[in-house]
Amino acid sequence: MNISKKAFVLLMAMCLMMTGLTVGYANSYKKPSIRLADGTTFSGGVIRIDPSKGVYLHTNDTHHSRGIKSVRIDSKTGGIRVTRDKMDAIISVSADADETLSERKIVAGISGGGVTTIIFLYKDGRKLNLNNKNDYKLVASPYANLWVQWISEPR
């Protein structure tokens with residue numbers, strides 16, 4: 001039986017997936033942004049806002065990250081400062097509250113989008129300052145996540 005190279009590669013990939021093996025992850029769930037041939041870049045990940053661990057990039061075998069270098073509470077604004085690996089022109093950027101934050105009526109708004117993005121959180125129309133312990137308590141949970149993503153392209 002003759003099969004094409006493409007069919008063979010697809011068959012081998014399916015076999016690897018069925019055996020549970022993964023290729024190319026090198027024990028890391030944090031990777032560079034994805035850049036397409038035309039220069040369009042995709043970045044994203046999950047930011048966890050935990051009562052005891054603080055604000056961090058949440059990664060594991062089911063939560064991967066692309067292009068996010070660091071996450072922290074901004075000392076001046078009280079928003080979440082995210083630093084990416086690309087300084088591109090932004091096409092689109094979003095931060096979506098998960099079910100834990102949505103249940104608490106917490107919404108996100110974004111400022112910037114190049115290398116540095118600040119995500120502001122609001123409750124009932126009031127901007128929260130995560131440097132304030134009472135505001136932080138309103139948001140934090142072992143399961144509170146923001147799902148963030150960027151689409152960008154070279155300037």
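See the values below:
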{"read-out": "Strands (runs of 3 or more DSSP E) wholly inside the range 41-127 that include at least 3 residues being touching a residue at least 40 places away in the same chain (Cβ under 8 Å) and either within 15 Å of Ala140 (Cβ to Cβ) or touching a strand residue (DSSP E or B) at 6+ places or on another chain (Cβ under 7 Å) (or both)", "value": "41-50, 80-84, 89-97, 116-123"}
{"read-out": "Lone unmet requirement of (1) open to solvent by 50 Å² or more (accessible area, probe 1.4 Å); (2) modelled with pLDDT of 95 or more for Thr117", "value": "(1)"}
{"read-out": "Within the range 44-75, tally of residues that are farther than 24 Å from Ile151 by Cβ and open to solvent by 30 Å² or more (accessible area, probe 1.4 Å)", "value": "7"}
{"read-out": "Search result, residues across the range 96-134 that are charged (D, E, K, R) and touching a Gly at 6+ places or on another chain (Cβ under 7 Å)", "value": "none"}
{"read-out": "Failed criterion for Ile110 (all others in (1) farther than 17 Å from Lys30 by Cβ; (2) open to solvent by less than 50 Å² (accessible area, probe 1.4 Å) hold)", "value": "(2)"}
{"read-out": "Which listed residue, of Ile119, Ile151, is farther than 22 Å from Gly54 by Cβ and aliphatic (A, V, I, L, M)", "value": "Ile151"}
{"read-out": "Residues (in contact with a Phe, Trp or Tyr (Cβ under 9 Å, 6 or more places away or on another chain) and in contact (Cβ under 8 Å) with a residue 60 or more places away in the chain) located in the range 128-155", "value": "Leu130, Gln149, Trp150, Ile151, Ser152"}
{"read-out": "Conditions (1) open to solvent by 50 Å² or more (accessible area, probe 1.4 Å); (2) out of contact with any strand residue (DSSP E or B) (no Cβ under 6 Å at 6 or more places or on another chain); (3) of a type in the set (Asp, Glu); number of the one not met by Asp135", "value": "(1)"}
{"read-out": "Residue check, Gly125 at pLDDT 95 or above and on the phi > 0 side of the Ramachandran plot", "value": "yes"}
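The values are calculated or read from the model by the stated rules, or taken from the named source; none is laboratory data. Please read these numbers as outputs of a predicted model, since none were measured by experiment. Quick reminder, even Gly has a Cβ in these numbers, built from the backbone with ideal geometry, and neighbours come from all protein chains shown. Surface accessibility is based on the protein's heavy atoms, side chains included, excluding ligands, DNA and RNA. Shrake-Rupley method; radii C 1.70, N 1.55, O 1.52, S 1.80 Å.
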